[in-house]
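Note sheet for the following structure.
FYI, it's all coordinate maths here, none of it is from the lab. Only a predicted model underlies this, so the values are computations on that prediction, with no experimental measurement involved. Reconstructed Cβ throughout: ideal geometry from the backbone, glycine too, with neighbour counts over all protein chains shown.
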Amino acid sequence: MPDETVIDTLKAQEAVQSVPVEISVVLGRADLRVHQLLKLGRGAVVELEQKITEPIEIFANGILIAKGEVNIIDGDKIGVTFTEIVRSLAAV
């Protein structure tokens with residue numbers, strides 16, 4: 001009987017580990033008033049509160065999990081390097 005419990009536990013862990021998780025990265029934030037938002041158009045630049053030297057926030061399913069740095073990969077893709085774990089990934 002204990003062997004079945006171990007097998008069930010392993011199956012449950014395997015099932016959980018295959019669940020998709022969305023990773024999103026926030027470069028910064030800005031507070032605008034509606035009239036400012038309505039004036040935005042092509043070519044508009046919104047200044048973010050984030051300093052270029054500050055780490056960016058990394059979220060898993062909307063939960064802050066880490067901070068990091070933006071990287072350019074293969075010249076045409078953006079990546080992020082985790083520099084600080086804020087919340088255990090197992091908690092997500």
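Can you match Cα extents along the principal axes in Å to one of these, (i) 46, 27, 19; (ii) 47, 34, 28; (iii) 68, 32, 24, based on a calculation from the structure here? Entry (iii).
Once the chain from Val6 to Asp76 is taken as fully extended at 0.36 nm per residue, the excess over their C-alpha distance is 20.6 nm.
Straight-line cross-link reach from Lys39 at under 16 Å between alpha-carbon atoms covers these aspartates and glutamates, not counting any fewer than eight positions away in the same chain: Asp31, Glu47. Once C-alpha pairs closer than 8 Å and six or more residues apart are averaged by separation and normalised to the residue number of the chain, the relative contact order reads 21 percent.
Please work out how much length the chain gains when fully extended from Val46 to Leu64, using 0.36 nm per residue of separation minus the C-alpha to C-alpha distance, in nm with one decimal. Mind dumping the intermediate values first?
Values: separation 18, 0.36 × 18 = 6.48 nm, distance 2.34 nm.
Taking 0.36 nm per residue and subtracting the Cα distance, the gain is 4.1 nm.
Maximal additional length on extending the Glu14-Leu32 stretch stands at 2.0 nm, based on 0.36 nm per residue less the C-alpha distance.
When the helices in the chain are scored as -39500 (n - 2.57) per DSSP H run of 4 or longer and the sum is shared across all residues, what 222 nm value do you end up with, to the nearest 500 deg cm²/dmol? Before the final figure, lay out the partial values.
Values: 2 runs with 22 residues, N = 92.
One gets -7000 deg cm²/dmol as the mean residue ellipticity at 222 nm.
Would you mind counting up the charge near Ala30? Only other residues with Cβ under 10 Å from its Cβ, with Lys and Arg at +1 and Asp and Glu at -1. Every neighbour counted, the sum reads -2.
Tally Lys and Arg at +1 and Asp and Glu at -1 over the other residues with C-beta under 13 Å from the C-beta of Gly62: what net charge comes out? Spell out each step's value before the answer.
Working: positive: Arg87; negative: Glu22, Glu57.
Neighbour charge sum, excluding Gly62 itself: -1.
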